[in-house]
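Notes to accompany the following structure.
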Amino acid sequence: QQQVKQSPQSLIVQKGGIPIINCAYENTAFDYFPWYQQFPGKGPALLIAIRPDVSEKKEGRFTISFNKSAKQFSLHIMDSQPGDSATYFCAASSGGYQKVTFGTGTKLQVIP
Amino acid sequence: DGGITQSPKYLFRKEGQNVTLSCEQNLNHDAMYWYRQDPGQGLRLIYYSQIVNDFQKGDIAEGYSVSREKKESFPLTVTSAQKNPTAFYLCATSPGQTTDTQYFGPGTRLTVL
C-alpha cells in the first residue's frame, strides 16, 4: 500500500530529447507528489511537485503529468541537456504526520 | 544542501564499532529525518523526529539509534548490531510538522572495513 513503483531504472537519451519517467502508487491517501534530482555524491534536491487537484504542472523544462484515476504520475524533461544527467526519484506522501515514500530512482544520461 | 550540514563526508568503520553521524541544520525546521541509500533501492527511512526530545522508528531502524536534544541537531549512531552498514546516509529536514517538502543534506558515505 505504501509502495511507489518507478520505471525505468535507467534511461539514455540524446541531447534535445524528452525523457519520460513514470511512477505508480496504490495508496489513495497520498496527496503530495514531489520529484527529486540527485547528482552523484550529493543529496537529492526538490525539482518539482504536484498535488492531485491538477493534472499537469510545468516549471521551466520540467513537467509533471498526473492521472488520479490511474494512480500514476510522470516526469517529462523538455529539450534535455547533458547537465540533466542525474538520478531522479519520485515520491509520495499524505501530509500530516505521515512519512514520504520514495521510488527506487531512475538514472538518466543525456548524451551530446 | 543550503543550511543542512552532515559530517564527516566519508567515514570508515571497523566491524564491531559504533559510529555517530552528525546532522546540523540552521533552517529552523521542526522535522528531521535519516535515510539510508543503497544502489537500486532508493531512499529508506531509518528514523524521524518531528519535535525536540521525540523521535520515531522508520522502516529500517534496527541497528541504529538517534537523539534529538536540540532542534538544530539529529545525530545518528550506527551500532555494531547493524549487520550491513556500508551505505550513503542522508539527513533531511522539513519546515513544519508535515512531511510535504524535504530538504536534504550532502550525505555521509560510511564504509565498513
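The values are calculated or read from the model by the stated rules, or taken from the named source; none is laboratory data. This is a predicted model, so every value here is computed, not measured. Here the Cβ positions follow ideal geometry from the backbone for every residue, glycine too, while neighbour counts run over all protein chains shown. Please note that ligands, DNA and RNA were not included when accessible areas were found on the heavy atoms of the full protein model with its side chains. Shrake-Rupley method; radii C 1.70, N 1.55, O 1.52, S 1.80 Å.
Looking at the range A:16-33 only, could you name the residues that are assigned to a loop (DSSP other than H, G, I, E, B), of a type outside the set (Asp, Glu) and open to solvent by less than 70 Å² (accessible area, probe 1.4 Å)? Result: A:GLY16, A:GLY17, A:PRO19, A:ASN27, A:ALA29, A:PHE30.
In the set A:ILE77, A:ILE50, only one residue is of a type in the set (A, V, I, L, M, F, W, C) and either surrounded by fewer than 12 Cβ atoms within 10 Å (Cβ to Cβ) or in contact with a Pro (Cβ under 7 Å, 6 or more places away or on another chain) (or both); that residue is A:ILE77. Take the conditions away from chain B (no Cβ under 11 Å) and more than 24 Å from B:ARG44 (Cα to Cα) and apply them to A:ASN27. Does it pass? No, not satisfied. Restricting attention to the range B:43-65, the residues that are among the polar types (S, T, N, Q) and either at the interface with chain A (Cβ under 8 Å from one of its Cβ atoms) or touching a Cys at 6+ places or on another chain (Cβ under 7 Å) (or both) total 1.
Among the residues making up the range A:16-54, those that are polar (S, T, N, Q) and modelled with pLDDT under 95 are A:ASN27, A:THR28.
Scanning the range B:54-102 for residues that are farther than 29 Å from B:LYS14 by Cβ and either modelled with pLDDT of 95 or more or part of a strand (DSSP E or B) (or both) turns up B:ASP54, B:GLN56, B:LYS70, B:LYS71, B:GLU72, B:THR93, B:SER94.
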